[in-house]
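Engineer: Here you go, one structure.
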Amino acid sequence: MRNYTIGGPDAQEEATGKQSDIRIMAGKVKWVTDIEKSVLINNFEKRGWVQVTENEDWNFYWMSVQTIRNVFSVETGYRLSDDQIVNHFPNHYELTRKDLMVKNIKRYRKELEKEGSPLAEKDESGKYLYLDFVPVTYMLPADYNLFVEEFRKSPSSTWIMKPCGKAQGKGIFLINKLSQIKKWSRDSKTSSFMTQSTKEAYVISLYINNPLLIGGRKFDLRLYVLVSTYRPLRCYMYKLGFCRFCTVKYTPSTSELDNMFVHLTNVAIQKHGEDYNHIHGGKWTVHNLRLYLESTRGKEVTSRLFDEIHWIIVQSLKAVAPVMNNDKHCFECYGYDIIIDDKLKPWLIEVNASPSLTSSTANDRILKYNLINDTLNIAVPNGEIPDCKWNKSPPKEVLGNYEILYDEELAQGDGADRELRSRPGQSLGPRGGRSRDSGRTVLTTWK
């Protein structure tokens, strides 16, 4: 009788082994990334996930913003299947581009105003009582004339110019004279603002020249916010954010306008400063900030500040939710940058679609590893092959250091949003009523 087993028992065993390898792989999440960061790869490997290339069948792709553009583009894009998820929404730039974020927030305010919402209430001078959380901002070159009009109202003010599509402090500078803008325009090889077509778009914002200082230094807050779905909106706040400090003491003096070590908190800039500390990286945990403020300003004032910060974040997400492509294959972890002024008013500066996963210190590495770990536990429940049809509402036990910031379904279910609309002047925004629950501040109006 002819033996059809080629290569005898050894080869048979090898073939059986390969088949079982394939079976094992079949039940495991297959991952790809184009961002070679250890905090990502270690998290994937810890789960026993299998690395594949982007041309193979994959379930989970942690990608750069450039790649997401190709995945969802009309020309080069492809249809994702139900067992594939990615870490950006297709048009995340509605929130993460400086100019579009401001445009969407302005539109959101106008819509609320038109609806007669008490949220859009203004004071005698025409300022929003609850929605004034972004510094006065114009797009250049489009809004140049509007900007000039505003500038002339308070000619001693300082403004900050930022390119719309750049990060890490690149291309940013401060101005306090119109002539500086004209010079910038000339240097950009453009004869006038109105003949602009190729030059990069910029935003120009009123500079917050009265920041809260600690140890005489300016700082900002980097907070991580995870959005699992925009419609209905469900978002989570990561408890382990941090403050980034400047290395040089702050001065509003016009002679120091060019000194970025005084004005910009970006680590990409500060790490080149003479006084940069490589051990703590000029960073403080949000927890430490909270303790400091509670001891210097009091617990109630500090609680109100953090309520306001959470309020700002939810409102910014509500502002972009109607225009966001709420693709079921997507989730996103944003890096929010907030500055607190010396009156303890928080300001939203910008939102990052790809917050840095580079670790500048040992603590940084631990924080970012845990951030990715907790993000994956929510985005890929139980580390199993994803299913886009799941309801994206994980149990509390898996949230780790995340806490639910806003759940639109819950809010509508318990009538919180209705209550907020029906009681003008009360329970509004972060200044709304609080209920005490074992000493912890609980917002009763919008959560």
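The values are calculated or read from the model by the stated rules, or taken from the named source; none is laboratory data. Computed from a predicted structure; not experimentally measured. A quick note on method: Cβ atoms are made from the backbone with ideal geometry, for glycine too, and the neighbour counts reach across all protein chains shown. Surface accessibility is based on the protein's heavy atoms, side chains included, excluding ligands, DNA and RNA. Shrake-Rupley method; radii C 1.70, N 1.55, O 1.52, S 1.80 Å.
Engineer: Residues of the stretch 61-80 being touching a Pro at 6+ places or on another chain (Cβ under 9 Å) and touching a residue at least 24 places away in the same chain (Cβ under 8 Å), which ones?
Structural biologist: Scanning the stretch 61-80 gives I68, F72.
Engineer: Also, I was wondering about something else. Having 1 or more residues that are modelled with pLDDT of 95 or more is the bar; report the strands (runs of 3 or more DSSP E) wholly within the stretch 281-361 that clear it. Write out each step before concluding.
Structural biologist: On the way: elements: 283-285, 332-340, 346-352.
Filter on the stretch 281-361 gives 332-340, 346-352.
Engineer: Here's a follow-up. Looking only at the stretch 110-128, decide whether some residue is among the charged types (D, E, K, R), outside any strand (DSSP E or B) and under 21 Å from the mean Cα position of the chain (by Cα). Reasoning before the result, please.
Structural biologist: Filtering the stretch 110-128 for residues among the charged types (D, E, K, R) gives 110-111, 113-115, 121-124, 127.
In the following step, the residues that additionally are outside any strand (DSSP E or B) were identified as 110-111, 113-115, 121, 123-124, 127.
Restricting the remaining residues to those that are under 21 Å from the mean Cα position of the chain (by Cα) gives none.
No - not one qualifying residue is present in the stretch 110-128.
Engineer: Could you tell me whether any residue of the stretch 48-71 is surrounded by fewer than 15 Cβ atoms within 10 Å (Cβ to Cβ), at pLDDT 95 or above, not assigned by the TED database to the domain that holds F331 and not in a loop (DSSP other than H, G, I, E, B)?
Structural biologist: Within the stretch 48-71 (the criterion being surrounded by fewer than 15 Cβ atoms within 10 Å (Cβ to Cβ), at pLDDT 95 or above, not assigned by the TED database to the domain that holds F331 and not in a loop (DSSP other than H, G, I, E, B)), the answer is yes, since at least one residue qualifies.
Engineer: Another question, if that's okay. Find the residue count for the stretch 206-229, including only residues that are over 24 Å from Q315 (Cβ atoms) and either part of a strand (DSSP E or B) or modelled with pLDDT of 95 or more (or both). Spell out how you get there, then give the answer.
Structural biologist: If we filter the stretch 206-229 for residues that are over 24 Å from Q315 (Cβ atoms), which is where we start, we get 209, 213-218.
From what is left, the residues that are either part of a strand (DSSP E or B) or modelled with pLDDT of 95 or more (or both) are 213-214, 217-218.
So the count comes out to 4.
Engineer: Filter the stretch 319-369 down to residues that are under 28 Å from S205 (Cα atoms), buried (at least 18 other Cβ atoms within 10 Å of the Cβ) and basic (K, R), then give me how many there are.
Structural biologist: Counting residues in the stretch 319-369 that are under 28 Å from S205 (Cα atoms), buried (at least 18 other Cβ atoms within 10 Å of the Cβ) and basic (K, R) gives 0.
Engineer: Here are some residues: D99, D123, D132. Which one is among the acidic types (D, E), out of contact with any Asp or Glu (no Cβ under 6 Å at 6 or more places or on another chain) and under 30 Å from Q66 (Cα atoms)?
Structural biologist: On the way: D123 fails: under 30 Å from Q66 (Cα atoms); D132 fails: under 30 Å from Q66 (Cα atoms).
None of the others qualify; the one that does is D99.
Engineer: For the stretch 73-84, indicate whether the set of residues that are outside any loop (DSSP other than H, G, I, E, B) and open to solvent by less than 60 Å² (accessible area, probe 1.4 Å) is non-empty. Before the answer, list the steps.
Structural biologist: Start the filter on the stretch 73-84 by keeping residues that are outside any loop (DSSP other than H, G, I, E, B), which leaves none.
No, there is no match, as no residue in the stretch 73-84 is outside any loop (DSSP other than H, G, I, E, B) and open to solvent by less than 60 Å² (accessible area, probe 1.4 Å).
Engineer: For the stretch 217-240, which residues satisfy the criterion of being among the hydrophobic types (A, V, I, L, M, F, W, C) and over 12 Å from E332 (Cβ atoms)? Break it down stepwise before answering.
Structural biologist: At the first step, the residues of the stretch 217-240 found to be among the hydrophobic types (A, V, I, L, M, F, W, C) are 219, 221, 223, 225-227, 233, 235, 237, 240.
Matches in the stretch 217-240: F219, L221, L223, L233, M237, L240.
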